[in-house]
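Participant: Mind looking over this structure? Questions follow.
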Amino acid sequence: MQGMLSRADGVSLAYEMLPGETPVVVFLPGFASDMAGTKAIFLRDACAARGQAMLRLDYSGHGASGGRFEDGTIGKWAADAALVVEHATGGAPLLLVGSSMGGWIALLLARMLGSRIAAMLLIAPAPDFTQALIEASLTAEQRAALDRDGFLAPPSEYGPPLPITKKLIEEGRNQLLLGGPIPVTCPVRILHGMRDPDVPWQHSIKLTECLASEDVRLICIKDGGHRLSSESDLALLSQTLFTLLGQNGA
């Protein structure tokens, strides 16, 4: 079931809900990615084949949703996800799957929704990336440009340059998680490529240390990049998901 949900300010949020058994698998895309990406569609098909409920969504400024990408912040996108989840899942238990920035969003959702979160599966998670990975690497010239213009547009290997706005970085400071314990107590599985050029795999070690849950496993893929979308990566993804769900792995 495809749907559109309007925020209070009129911005429309696109989602697709696949009915089935709970907990509902919720896929949270990465920065400038969307619910039509390779991993999202692969998991949709895998869930459909097993009768597992799944929700995919686009944050504002992403994919089929309204709004401008450059108006977004971590807090806004987390609120978008929370709004769609509340609307589409009817209070059902959830298994959050977060990719890259979606891992940060998943952790923020888990903090909001508490006991509704049955488990989490994080793929190259990037909590705090606005500070730890972007702000920390800015040159003096880039900092000056950010102050002057309000944004940067560094080249991207994934397509056209994406605006990194000053408000994205500043608002991100309000959402930081890695400075202390993260109150997530459900089972958590983390997949991270050791050849990831965007989010170093050591970032996931720090996250593992911060999570309150004792049931946390980090799986490092030695030849894996950031996207983890190869055939073997996807097989591992589905196997990990369905093991968390208590089913036989694919």
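Participant: Which GluC sites (Glu not before Pro) in segment 41-149 pass both tests, a DSSP loop state and at most 16 other beta-carbon atoms within 10 Å?
Facilitator: Working: sites: Glu70, Glu86, Glu135, Glu141; in loops: none.
Passing both the DSSP loop test and the Cβ count: no residue.
Participant: Express as a percent, rounded to the nearest 5, the fraction of DSSP beta bridges in the chain (both residues included) that run antiparallel.
Facilitator: Values: 12 of 38 bridges.
That works out to approximately 30 percent antiparallel.
Participant: On a C-alpha basis, how far is the centre of segment 178-250 from the centre of segment 69-131 in Å? Whole number, if you could?
Facilitator: After rounding, the separation between the Cα centres reads 15 Å.
Participant: So, one more: Where does each of 19-29, 96-106, 44-54 land if you order them by average Cβ count within 10 Å, highest first?
Facilitator: 96-106, 19-29, 44-54
Participant: Two decimals is fine: what's Rg over Rh for segment 135-216, C-alpha atoms, Kirkwood radius as Rh? The partial results should precede the final answer.
Facilitator: Values: Rg = 16.0 Å, Rh = 15.2 Å.
That ratio equals 1.05.
Participant: So if we plug the beta-carbon distance of Met194 and Glu21 into 1/(1 + (r/R0)^6) with R0 = 35 Å, what FRET efficiency do we get, rounded to 0.05? Spell out each step's value before the answer.
Facilitator: Working: r = 34 Å, r/R0 = 0.97.
Computed FRET efficiency for Met194 and Glu21 comes out at 0.55.
Participant: Counting other Cβ atoms within 10 Å, which trypsin sites (Lys or Arg not before Pro) in segment 186-222 have at most 13 and lie in a DSSP loop?
Facilitator: Working: sites: Arg189, Arg195, Lys206, Arg217, Lys222; in loops: Arg195, Lys222.
Filter output for segment 186-222: Arg195, Lys222.
Participant: Using the beta-carbon distance between Glu141 and Ala8 and R0 = 25 Å, what value does 1/(1 + (r/R0)^6) give for FRET efficiency, to the nearest 0.05?
Facilitator: The formula returns an efficiency of 0.05 here.
Participant: Longer than 27 Å from Cα to Cα, which of Lys167/Lys206; Lys39/Lys76; Lys167/Lys222; Lys39/Lys206; Lys166/Lys222 are they? Say none if no pair is.
Facilitator: Numbers: Lys167/Lys206 25 Å; Lys39/Lys76 23 Å; Lys167/Lys222 35 Å; Lys39/Lys206 24 Å; Lys166/Lys222 34 Å.
Checking Cα-Cα distances, Lys167/Lys222; Lys166/Lys222 exceed 27 Å.
Participant: Going toward the positive end of the dipole of the chain, with +1 on Lys and Arg Cβ and -1 on Asp and Glu Cβ, which of Thr139, Trp104, Ala64 do you reach last?
Facilitator: With unit charges placed on the Cβ atoms, the residue in question is Trp104.
Participant: May I pose another question? Under 15 Å from a label point 7 Å along Cα→Cβ of Lys206: give me every residue in segment 101-115 with its amide N that close.
Facilitator: From segment 101-115, the list is 101, 104.
Participant: Right, here's the next one. Give, rounded to the nearest 20 debye, the magnitude of the charge dipole that segment 149-207 has about its Cα centre when Lys and Arg contribute +1 at Cβ and Asp and Glu contribute -1 at Cβ.
Facilitator: Values: 6 positive and 6 negative charges, 47 e Å.
In total the dipole reaches around 220 debye.
Participant: What distance in nm lies between label points placed 7 Å from Cα along the C-beta direction at Ala92 and Leu176?
Facilitator: Label-label distance for Ala92 and Leu176, simple model: 3.8 nm.
Participant: How far is helix 38-50 tilted off the main Cα axis of the chain, in degrees rounded to 10, range 0 to 90?
Facilitator: It is inclined by approximately 10 degrees.
Participant: On a full-extension model of 0.36 nm per residue, what is the gain between Met112 and Thr243, subtracting their alpha-carbon distance, rounded to one decimal in nm?
Facilitator: Values: separation 131, 0.36 × 131 = 47.16 nm, distance 2.50 nm.
Separation in residues times 0.36 nm, less the Cα-Cα distance, equals 44.7 nm.
Participant: I would also like to ask the following. Could you state the angle between the C-alpha long axis of helix 231-244 and the longest principal axis of the C-alpha atoms of the chain, as a value from 0 to 90 degrees rounded to the nearest 10?
Facilitator: The two axes meet at around 60 degrees.
Participant: What does the charge count near Met194 come to, summing +1 for each Lys or Arg and -1 for each Asp or Glu among other residues with Cβ under 11 Å from its Cβ?
Facilitator: Local charge sum for Met194: 0.
Participant: With each run of n ≥ 4 DSSP H residues scored as -39500 (n - 2.57), what mean residue ellipticity at 222 nm is computed for the chain after dividing by its residue count and rounding to the nearest 500 deg cm²/dmol?
Facilitator: Using -39500 (n - 2.57) per qualifying helix, the result is -10000 deg cm²/dmol.
Read-outs throughout are calculated quantities, based only on the coordinates presented, and are distinct from any laboratory measurement. If you're wondering where the values come from, they're calculated on a predicted model, not measured in any experiment. Backbone-built Cβ (ideal geometry, glycine too); neighbour counts: all protein chains shown.
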